[in-house]
Amino acid sequence: MHHHGYLWAGPKDRFDQEALRRPPHPEPPPAGSRPELIRRYREVAAEFPASDLPPLETAYWLIKPRSLVRGTWEEAKEAATWLGERLAEYAPRFASETDRDTVRLARAVNAAAERLRSGADVSYGFYLERPAYLSLAVVACSPHRAHAELACPET
């Protein structure tokens with residue numbers, strides 16, 4: 001098993017575009033459906049895999065463009081270290097003083113290492129100034145334990 005890291009930081013209103021953060025339904029609308037429903041399904045089916053927005057379900061990062069992978073690690077500890085480095089990098093911009101607490105962030109990194117060792121994914125999100133949002137995720141791969149059908153990005 002190995003792990004892929006993802007990072008997205010951007011405007012909060014863009015992050016809130018949930019329709020672009022959820023995969024299309026596995027079944028397209030039936031023939032004879034309203035044209036706007038068919039159009040919207042096609043739009044989401046085309047945009048979701050290509051969008052850089054964080055998916056609502058962490059595992060779906062695996063179908064996003066390979067260019068969005070920020071790192072790949074064989075060891076959970078290495079992936080957790082990357083998370084810790086990103087948290088330290090962005091912490092001064094966190095909107096909440098509580099989120100900036102170094103002890104709290106260290107606990108989050110330790111918890112991430114444990115989860116990753118077990119084969120689970122890790123996903124953290126923080127409000128930043130302006131308003132903006134930071135999404136960090138590490139996804140287990142080869143295969144993903146909950147979604148084996150999702151192909152691992154080429155490494």
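Which of ALA59, ALA46, ALA113 moves most in a GNM of the chain, Cα contacts under 10 Å?
Checking each option, the largest mean-square fluctuation is seen for ALA46.
Carbon and sulfur together cover what percent of the accessible area of segment 11-117 at a 1.4 Å probe radius?
Numbers: 3380 of 6560 Å².
Roughly 51 percent of what the probe reaches on segment 11-117 is carbon or sulfur.
So if R0 is 22 Å, what FRET efficiency would ILE63 and ARG40 give, r being the distance between their Cβ atoms, rounded to the nearest 0.05? Mind showing how you got there, number by number?
Details: r = 19 Å, r/R0 = 0.88.
Step by step, r from the Cβ atoms, then E = 0.70.
Please report the net charge: other residues with Cβ closer than 10 Å to the Cβ of LEU136, K and R +1, D and E -1. Please list the in-between numbers first.
Numbers: positive: ARG70, ARG86; negative: none.
Once all neighbours under 10 Å are counted, the net charge is +2.
Before rounding to the nearest 500, sum -39500 (n - 2.57) across all DSSP H runs of length at least 4 in the chain and divide by the residue total; then give [θ] at 222 nm in deg cm²/dmol. Please list the in-between numbers first.
Values: 4 runs with 51 residues, N = 155.
When only DSSP H runs of four or more count, the value is -10500 deg cm²/dmol.
Please grab the % of Cα pairs in segment 100-142 that end up more than 11 Å from each other. Could you put the intermediate results ahead of the total?
Numbers: 623 of 903 pairs.
Within segment 100-142, distances greater than 11 Å cover 69 percent of Cα pairs.
Solvent-accessible area per residue for the chain at a 1.4 Å probe radius, Å²?
Values: 8660 Å² over 155 residues.
Spelled out: the 1.4 Å probe surface of the chain, per residue, equals 56 Å².
Take every Cα pair under 8 Å in segment 33-155 that's 6+ residues apart, average their separations, divide by the length, and report that relative contact order as a whole percent. It would help to have the intermediate numbers written out before the result.
Values: 119 pairs, mean separation 32.8, N = 123.
Reported as a whole number, the value is 27 percent.
Lys and Arg at +1, Asp and Glu at -1: add these up for the other residues within a Cβ distance under 14 Å of ASP52 and post the number.
Details: positive: ARG14, ARG21, LYS64, ARG66, ARG70; negative: GLU47.
Value of the local net charge: +4.
Work out the length of the dipole vector of the chain about its Cα centre, built from +1 on the beta-carbon of each Lys and Arg and -1 on the beta-carbon of each Asp and Glu, and round it to the nearest 20 debye. Intermediate results must be reported in sequence, preceding the final value.
On the way: 21 positive and 22 negative charges, 35 e Å.
Using only the charged Cβ atoms, the result is roughly 160 debye.
Among residues other than PRO92 whose Cβ falls under 14 Å from its Cβ, what is the net charge (Lys/Arg +1, Asp/Glu -1)?
Working: positive: ARG86, ARG93, ARG100, ARG130; negative: GLU85, GLU89, GLU97, ASP99, ASP101, GLU129.
Overall, the nearby charge balance is -2.
Bin width 10 Å, origin at 0, all Cα-Cα pairs of the chain: what percent of pairs per bin?
So the P(r) values, bin by bin, are 11, 36, 33, 15, 5, 0.
I need the peptides 103-111, 74-82 ranked by packing, meaning the mean over residues of other C-beta atoms within 10 angstrom, with the highest value on top. Spell out each step's value before the answer.
On the way: 103-111: 14.0, 74-82: 18.3.
Order by mean packing, descending: 74-82, 103-111.
The values are calculated or read from the model by the stated rules, or taken from the named source; none is laboratory data. Here the structure is a predicted model, which is why all the values come from computation and not from measurement. Reconstructed Cβ throughout: ideal geometry from the backbone, glycine too, with neighbour counts over all protein chains shown. With ligands, DNA and RNA removed, areas are computed over all heavy atoms of the protein, side chains included. Shrake-Rupley method; radii C 1.70, N 1.55, O 1.52, S 1.80 Å.
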